[in-house]
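> Mind looking over this structure? Questions follow.
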Amino acid sequence: QVQLVESGGGLVQPGGSLRLSCVASGTRFSTIALGWYRQVPGKQRELVASITSISMTRYTDSVKGRFTISRDNAKNTVYLQMNSLKPEDTARYFCSAEILSSDYTQVLTYWGQGTQVTVSS
């Protein structure tokens, strides 16, 4: 059973920083691709950043230069360092893991429960 548990969200002033963490269990962490998504009520969930098993990263344009995704395979943890936060970064942030099925026929996506980030003065 794959489980993802996020932490690190909270209330921060514009220009501030937060670091989100996501601990994974039930999978070979070093072999999986991971991502951070965010969602606000009434809108689609959007990809913020992703990192492959060999630590290649990708970011949505609105966070480039401000957010950094990283992984620590020894701790089964993926991080999202968020700097220079803006009110429009306010959302619920979700960790995701893409894992090949046991029969190697499909890629399965797993989600954490999310952590709320609110950027406000």
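> Counting only protein heavy atoms and using a 1.4 Å probe, what share of the accessible area of the chain belongs to carbon plus sulfur, as a whole percent?
The nonpolar share, carbon plus sulfur, comes to 48 percent.
> Here is a further query. Which ³J(HN,Hα) values in Hz, rounded to whole numbers, follow from the phi angles of segment 33-48 under the Karplus curve 6.51 cos²θ - 1.76 cosθ + 1.60, where θ = phi - 60° and Gly and Pro get x?
Whole-Hz 3J(HN,Hα) from phi for segment 33-48: 8, 10, x, 10, 10, 9, 8, 10, x, x, 10, 6, 5, 10, 6, 9.
> Shifting gears a bit: What fraction, in whole percent, of alpha-carbon pairs in the chain exceed 23 Å separation?
26
> Note down the nm distance, to one decimal, between modelled labels 7 Å out along Cα→Cβ at GLN13 and at VAL40.
Here the answer is 2.2 nm between the modelled labels.
> Report ³J(HN,Hα) in whole Hz for each residue of segment 108-113, in order, from the Karplus equation J = 6.51 cos²θ - 1.76 cosθ + 1.60 where θ = phi - 60°; Gly and Pro get x.
Couplings: 9, 10, 10, 10, x, 7 Hz.
> Sticking with this one: Which whole-Hz ³J(HN,Hα) couplings does segment 9-16 yield from phi under the Karplus relation 6.51 cos²θ - 1.76 cosθ + 1.60, θ = phi - 60°, glycine and proline marked x?
x, x, 9, 9, 7, x, x, x
> Follow-up question, since we're still on this one. Per residue, how many Å² of accessible area does the chain show with a 1.4 Å probe?
With all protein chains present, the chain gives 55 Å² per residue.
> Let me ask something else. How do the peptides 79-90, 42-53 rank, highest first, by the average count of neighbouring beta carbon atoms within 10 Å per residue?
Ranking the peptides 79-90, 42-53 by packing returns 79-90, 42-53.
> Could I ask something else about it? Placing +1 at every Lys and Arg Cβ and -1 at every Asp and Glu Cβ, with all other atoms neutral, what dipole size does the chain have around its Cα centre, in debye to the nearest 20?
About 180 debye.
The values are calculated or read from the model by the stated rules, or taken from the named source; none is laboratory data. Keep in mind the model is a prediction, meaning the values are calculated, not measured. No Cβ is skipped: glycine too gets one built from the backbone with ideal geometry, and neighbour counts run over all protein chains shown. Ligands, DNA and RNA are excluded from the accessible area calculation, which covers all protein heavy atoms including side chains. Shrake-Rupley method; radii C 1.70, N 1.55, O 1.52, S 1.80 Å.
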